[in-house]
Each structure stands twice: as C-alpha cells, then as structure tokens.
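Below is one structure, written out as structure tokens, with a few remarks after it.
The values are calculated or read from the model by the stated rules, or taken from the named source; none is laboratory data. In this text the structure is predicted, and so the values were computed from the model without any measurement. Don't worry about glycine lacking a Cβ; one is built from the backbone with ideal geometry, like all the others, and counts go over all protein chains shown. Note: accessible area is taken over every heavy atom of the protein model, side chains too, but ligands, DNA and RNA are not part of it. Shrake-Rupley method; radii C 1.70, N 1.55, O 1.52, S 1.80 Å.
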Amino acid sequence: MISKLKNILFSTKLTAVLFVVFATAMAFGTFIESKYSTSTARIWIYNTWWFEAIMAFFVINFVGNISRYNLLRWKKWPVLLLHLSWILIIVGAFV
C-alpha cells in the first residue's frame with residue numbers, strides 16, 4: 001500500500017499532470033486578474049486550498065524524485081539543483 005502510494009506521488013506522470021493543472025490555474029488567475037482585479041484572482045485562485053495543495057504535491061513530488069533518482073550524487077548535481085530551486089520557489093510562494 002505504501003509503495004503504491006510512493007509510486008504515485010513520486011511519478012513523472014504526476015509531475016506532468018501537476019504542471020498542466022498548475023499552468024491552467026495560473027492562466028485562469030491571470031485572465032481573472034486582468035478582467036476584474038487582483039483581489040478577485042486571489043480569492044478565486046491564488047489563496048484557495050486546492051491551489052496550495054497543488055504546490056504541496058509539487059514539493060512532495062520533487063523531494064521524492066530527489067531520493068528516487070539518487071540525485072545527491074556529484075554527477076547529477078545540475079538536476080538536483082533544478083529540483084531544489086523548484087522547491088525553494090514553491091516554499092517562497094507559500095510565504
């Protein structure tokens with residue numbers, strides 16, 4: 001059961017789905033912001049629980065992929081740096 005959950009949470013398919021859903025939500029947020037106001041976009045998109053859940057799943061996915069693909073080795077440092085930068089960006093978005 002736990003290994004199946006790990007396979008789902010740390011999969012590249014989930015990463016792709018999260019990127020598409022996140023980009024779509026950001027696009028809707030941008031359109032709402034340009035048509036109405038920034039506060040409306042924050043209420044409907046940016047400050048919602050599901051938008052923050054997407055970002056939380058991103059962090060879980062990136063941390064899992066760091067361990068899954070053994071990115072802590074020296075020869076994989078560029079990919080590790082990419083994953084760590086995404087984690088830092090998402091954690092900064094929560095603040």
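Mind listing whichever residues of segment 83-95 are assigned to a helix (DSSP H, G or I) and either open to solvent by 60 Å² or more (accessible area, probe 1.4 Å) or under 21 Å from N7 (Cβ atoms) (or both)?
Taking segment 83-95 as the starting set, the residues that turn out to be assigned to a helix (DSSP H, G or I) are 83-94.
Listed by number, the residues that qualify are H83, L84, W86, I87, L88, I89, V91, A93, F94.
Which count do you get for residues in segment 67-82 that are in a helix (DSSP H, G or I), hydroxyl-bearing (S, T, Y) and either open to solvent by 90 Å² or more (accessible area, probe 1.4 Å) or more than 24 Å from S3 (Cβ to Cβ) (or both)? Don't jump to the end; show me each part of the working.
Quick first cut of segment 67-82, residues in a helix (DSSP H, G or I) only: 67-68, 74-82.
If we keep only those that are hydroxyl-bearing (S, T, Y) as well, we get 67.
Add one more test, that the residue is either open to solvent by 90 Å² or more (accessible area, probe 1.4 Å) or more than 24 Å from S3 (Cβ to Cβ) (or both), and what stays is none.
Residues meeting the conditions: 0.
Taking the condition of being open to solvent by 70 Å² or more (accessible area, probe 1.4 Å) and farther than 19 Å from L88 by Cβ, how many residues in segment 40-62 meet it?
6
Tell me, yes or no, whether segment 14-28 has at least one residue that is open to solvent by less than 80 Å² (accessible area, probe 1.4 Å) and not in a helix (DSSP H, G or I).
no
Which of the following residues is touching a helix residue (DSSP H, G or I) at 6+ places or on another chain (Cβ under 6 Å) and β-branched (V, I, T): I43, I89, I60?
On the way: I43 fails: touching a helix residue (DSSP H, G or I) at 6+ places or on another chain (Cβ under 6 Å); I89 fails: touching a helix residue (DSSP H, G or I) at 6+ places or on another chain (Cβ under 6 Å).
The match here is I60.
Tally the residues that are over 30 Å from N7 (Cβ atoms) and in contact (Cβ under 8 Å) with a residue 12 or more places away in the chain, restricting the search to segment 46-58.
Residues of segment 46-58 that are over 30 Å from N7 (Cβ atoms), as a first pass: 46-47.
Next, from what is left, pick out any that are in contact (Cβ under 8 Å) with a residue 12 or more places away in the chain: 46.
Counting residues in segment 46-58 that are over 30 Å from N7 (Cβ atoms) and in contact (Cβ under 8 Å) with a residue 12 or more places away in the chain gives 1.
When residues of segment 27-45 are filtered for being touching a residue at least 12 places away in the same chain (Cβ under 8 Å) and out of contact with any Ser or Thr (no Cβ under 8 Å at 6 or more places or on another chain), how many remain?
At the first step, the residues of segment 27-45 found to be touching a residue at least 12 places away in the same chain (Cβ under 8 Å) are 28-29, 32, 41, 44-45.
If we keep only those that are out of contact with any Ser or Thr (no Cβ under 8 Å at 6 or more places or on another chain) as well, we get 28-29, 44-45.
Going through segment 27-45 one residue at a time, the tally reaches 4.
For S37, state whether it is farther than 23 Å from K4 by Cα, loosely packed, with under 13 Cβ neighbours inside 10 Å and not hydrophobic (A, V, I, L, M, F, W, C). Spell out how you get there, then give the answer.
On the way: farther than 23 Å from K4 by Cα: yes; loosely packed, with under 13 Cβ neighbours inside 10 Å: yes; not hydrophobic (A, V, I, L, M, F, W, C): yes.
Answer is yes for this residue.
Residues in segment 37-60: is at least one assigned to a helix (DSSP H, G or I), polar (S, T, N, Q) and under 23 Å from I8 (Cβ atoms)?
No; the residues of segment 37-60 include none that is assigned to a helix (DSSP H, G or I), polar (S, T, N, Q) and under 23 Å from I8 (Cβ atoms).
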